[in-house]
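As structure tokens, the structure follows; a few thoughts come after it.
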Amino acid sequence: MIPAPPPKVITRHRDGQIRAYLKGPGAFGSLEPAAVFQPRVGDEVVEWAVRPDLERVVYTTLNRVVCLTRAGDLVWASDFEPHSDVRHGHRPGCALSLDGRTVWVYRPDAMAERGGGDQWVVHDAEGGVVLVRRELETVGHGAGHHVHPVDGSVYLDIGEGQDGAVILRGIVGADGEPEFVTYPWWDRCLIDLAPGGRQFMTVDHGQRDVAFHRHPSGDRLFTLSVEAFGYDPEETFVEWSGGYLTPDTAVVTVGGESQDEEEWYRYHLIDVRTGTVSGDIAVDVASPYELELLGDGSWLTDGPDGHPVRWSLVQHPAG
């Protein structure tokens, strides 16, 4: 039997706390935190991840990665050497592996002016020991980790500003030997992995189209340009947001400006089995990046009290 996936942990960093929420089957509306973590005094948290059992948190600052217990006790910490005094332009990122045994850390060392290139480092989650250190040929500002829901491999989407984006995939085998793949694009941004793990979604760095790719090869299944949604490509763009609403339905965000220079966004549904536009959905958000799709027919927006609000297609049927 295939083991059940760990519960989906939703996290927010607000008011100096890292809050963790569990997505129960009937939990809709404003969610209440199931656990709250307090970072160490003086730590300015950049990115974070919470273990599914809610007993550990891992977070990055500009100069280190830290692991704490739920009670706030230090489990381990690892400094990024040499120390960087650069305050802006680099955001170290982190993610926990699917099994919770490793911590994957992206270090944008080039922009931090540490005297070397970027690194992707895999730590043992229990003690912080470095298991793998991958030197990268990138000069990134930050990166997004995406953990594959079935095979546990980790995708990394590195943003290099106006120079584009680089997508890599890493996996540590049973023998501990790492394998890394760099996809042959510099102009595509990884948006999301499908819930069933069969494919992934990217958006052109120039925001002209959205594409869907087979996992793990990256072979392109189909592409939809701005024109496919019925818009003028001179006035409209595909936003770097959206993702999978369900294993068979994706959400693509298309945006532009009105005659009054007001920004607008529309959320189009894509049947990924056929590669066709299948309607749209109304989402009330302040920014297209506020929308967080959960892959089970529901999504999150931000509530006025700082807690996430969970919605579903029952509340917002597709048009």
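If you check A49 against the conditions, is it without any contact (Cβ under 8 Å) to a residue 40 or more places away in the chain, of a type outside the set (F, W, Y), out of contact with any Asp or Glu (no Cβ under 6 Å at 6 or more places or on another chain) and closer than 23 Å to E126 by Cβ?
No: the conditions fail for A49.
For the stretch 165-214, enumerate the residues that are free of Cβ contacts under 8 Å to residues at least 40 places away in the same chain, in a strand (DSSP E or B) and among the polar types (S, T, N, Q).
Residues satisfying the conditions are T182, T202.
Looking at (1) assigned to a loop (DSSP other than H, G, I, E, B); (2) in contact (Cβ under 8 Å) with a residue 40 or more places away in the chain; (3) on the phi < 0 side of the Ramachandran plot; (4) not acidic (D, E), which one does R310 not meet, given that it meets all the others?
Condition not satisfied by R310: (1).
Restricted to the stretch 79-99, and to residues that are touching a residue at least 12 places away in the same chain (Cβ under 8 Å) and surrounded by fewer than 17 Cβ atoms within 10 Å (Cβ to Cβ), which residue is nearest to H148 (Cα to Cα)?
Result: D99.
Out of V57, V41, report the one residue that is under 21 Å from L156 (Cα atoms) and free of Cβ contacts under 8 Å to residues at least 40 places away in the same chain.
V57
Go through the stretch 244-277 and report how many residues are over 16 Å from F229 (Cα atoms) and at pLDDT 95 or above.
So the answer is 6.
Can you tell which of I281, I270 is under 24 Å from G306 (Cα atoms) and among the β-branched types (V, I, T)?
I281
Name, by its number, the condition in (1) under 23 Å from S153 (Cβ atoms); (2) among the charged types (D, E, K, R); (3) crowded, with 18+ Cβ neighbours inside 10 Å; (4) free of Cβ contacts under 8 Å to residues at least 40 places away in the same chain that does not hold for R114.
Here R114 clears every test but (1).
Look at P195 and say whether it is of a type outside the set (K, R), in contact with a strand residue (DSSP E or B) (Cβ under 7 Å, 6 or more places away or on another chain) and assigned by TED's automatic domain parsing to the domain that holds V238.
yes
The values are calculated or read from the model by the stated rules, or taken from the named source; none is laboratory data. None of these values were measured; they are calculated from a predicted model. In this analysis, Cβ positions are derived from the backbone assuming ideal geometry, glycine residues included, and neighbour counts consider all displayed protein chains.
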